[in-house]
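Quick notes on the structure that follows.
The values are calculated or read from the model by the stated rules, or taken from the named source; none is laboratory data. The model shown is predicted, which means the values in this text are computed figures rather than measured ones. So basically every Cβ, Gly included, is an ideal-geometry build from the backbone, and we count neighbours across all protein chains shown.
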Amino acid sequence: MTTLHPRAFKVTVVWTLGLLFLGSIVHATESSLACPDWPTCFGSMMPEMSGGVFWEHLHRLVAGGLVMMFGLATWLAKKETPDRPWIFRASLAGVGLLLVQSVFGGLTVIYQLPDLVSTTHLSLAFIFLSLATMLAVATHGSVGPGAPPPIGGFGADDGRRLTIIASIAASSVFVQSVVGGLVRHTDGGLSCPDVPLCLGQVVPPLVNIQITSHFLHRVMAVLATVAVLWLYAWAMRADVPVRVHRWITAAAGLVLVQVALGVLSVLTVLAIPPVSLHTLVAAALLSILVALATVGTRAAVDIDAPKPVSLP
Ligand code: HEM
Ligand code: HEM
């Protein structure tokens with residue numbers, strides 16, 4: 001039987017990436033307070049789409065579309081996966097996350113962009129993207145007890161190792177992104193105006209949150225890059241299927257592009273294209289790493305196998 005929920009989860013992932021990119025443009029174009037109210041914009045759901053209102057209200061409309069799309073995916077999952085109840089429960093958690101995220105979006109406007117609320121808005125977006133990616137990959141291809149993993153030619157040991165290394169890389173990219181959000185929202189983007197040094201020093205005077213978070217973001221960039229390249233080095237030696245290898249290579253390429261975009265953001269004094277792409281590439285990288293970790297898990301364990309009954 002053809003099922004629709006896997007496709008709906010995949011569309012959600014792409015939609016979320018587009019929404020994240022738009023959100024980043026909202027900030028970069030200084031449109032965050034272009035709509036002074038929430039949930040309406042100038043008291044209307046259809047304000048005149050010009051200037052900053054264009055970006056801010058478009059972001060809200062696309063966010064509304066995401067809630068509907070993910071709601072549909074969740075409904076389909078409930079109907080189509082009665083034998084895998086965890087899929088519906090995880091989707092339901094995603095719906096909750098989206099609603100909280102929309103309220104945080106509203107709070108950024110009502111309280112006029114408090115640093116922590118804006119940084120939380122970014123972090124929740126990345127958490128939702130990870131959940132949607134996990135669901136898209138977990139429902140891809142044949143599923144159910146005893147079904148083969150979505151990408152064959154994988155040993156359980158390699159699957160387990162892939163999950164561990166990809167999870168470490170994904171966690172470091174996530175933490176690095178949260179720190180990046182802090183840099184952005186505390187206006188620390190130019191507190192180290194030089195690269196690779198910061199204020200002409202290897203370790204700058206860490207006298208305020210702007211310099212401290214910016215410096216930490218650069219140190220953590222090295223750690224996150226090493227984690228992703230470690231995955232690549234492992235894949236060169238391991239016996240992984242060609243498709244998995246391609247995605248790992250894409251992740252390695254993206255992390256290098258991401259570092260270049262970070263440097264470019266500083267050198268161009270936070271020009272809109274590099275800073276907006278810097279958010280998008282961070283999100284795409286996280287999504288690929290979460291997808292790889294999920295593929296590894298499906299190769300290592302049969303997540304739908306009936307649980308052994310424990311005897312008294
Ligand atoms: C109606 C609901 C929403 C409203 C009112 C809203 C509002 C905003 C505003 C005002 C900004 C700019 C924040 C700033 O400059 O500090 C923003 C940025 C952003 N939004 Fe939303 N948003 C909503 C829903 C969402 C959803 C559902 C997601 C993703 C799942 C999302 C992801 C983002 C991202 C990633 C940014 C960029 C944050 C950054 O650059 O650090 N938003 N949003
Ligand atoms: C793996 C490496 C990296 C990742 C995953 C990463 C991720 C991020 C993320 C997610 C943000 C927040 C964007 C937003 O709030 O919308 C950010 C901000 C920022 N990142 Fe990175 N980054 C990395 C490396 C770098 C490097 C190497 C530099 C510079 C040398 C850099 C410079 C910046 C700057 C200046 C900001 C603030 C932009 C602004 O104020 O608008 N990043 N980063």
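A few points about this structure:
Residues are listed down the side, and each one gets a yes or a no for (1) under 30 Å from Ala300 (Cα atoms); (2) without any contact (Cβ under 8 Å) to a residue 12 or more places away in the chain; (3) buried (at least 22 other Cβ atoms within 10 Å of the Cβ):
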site	(1), (2), (3)
Leu182	no, no, yes
Cys192	no, no, yes
Val242	yes, yes, no
Thr249	yes, no, no
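- Applying the condition of being within 20 Å of His59 (Cβ to Cβ) and at pLDDT 95 or above to segment 87-102 and asking which residue is surrounded by the fewest Cβ atoms within 10 Å (Cβ to Cβ) yields Leu99.
- The number of residues in segment 67-123 that are over 17 Å from Ser31 (Cα atoms), of a type outside the set (Ser, Thr, Tyr) and not in a helix (DSSP H, G or I) comes to 3.
- Checking each residue of segment 18-36 against the condition of being in the same structural domain as Ala132 (by TED's automatic domain parsing), more than 10 Å from ligand 1 (Cβ to nearest atom) and free of Cβ contacts under 8 Å to residues at least 12 places away in the same chain gives no match.
- For Pro274, the stated conditions hold: it is in the same structural domain as Leu286 (by TED's automatic domain parsing), within 16 Å of ligand 1 (Cβ to nearest atom), modelled with pLDDT of 95 or more and surrounded by 16 or more Cβ atoms within 10 Å (Cβ to Cβ).
- Scanning segment 196-225 for residues that are closer than 28 Å to Leu129 by Cβ and either more than 16 Å from ligand 1 (Cβ to nearest atom) or modelled with pLDDT under 95 (or both) returns Thr212, Phe215, Leu216, Arg218, Val219, Met220, Ala221, Val222, Leu223, Ala224, Thr225.
- Condition check for Val269: touching a residue at least 24 places away in the same chain (Cβ under 8 Å) and either near ligand 2 (Cβ under 9 Å from one of its atoms) or surrounded by 18 or more Cβ atoms within 10 Å (Cβ to Cβ) (or both): no
- Condition check for Leu285: in contact (Cβ under 8 Å) with a residue 24 or more places away in the chain, near ligand 2 (Cβ under 7 Å from one of its atoms) and at positive phi: no
- Applying the criterion of being buried (at least 19 other Cβ atoms within 10 Å of the Cβ) and away from ligand 2 (no atom under 16 Å from the Cβ) to the residues of segment 45-65, the residue that is nearest to the chain's Cα centre (by Cα) is Arg60.
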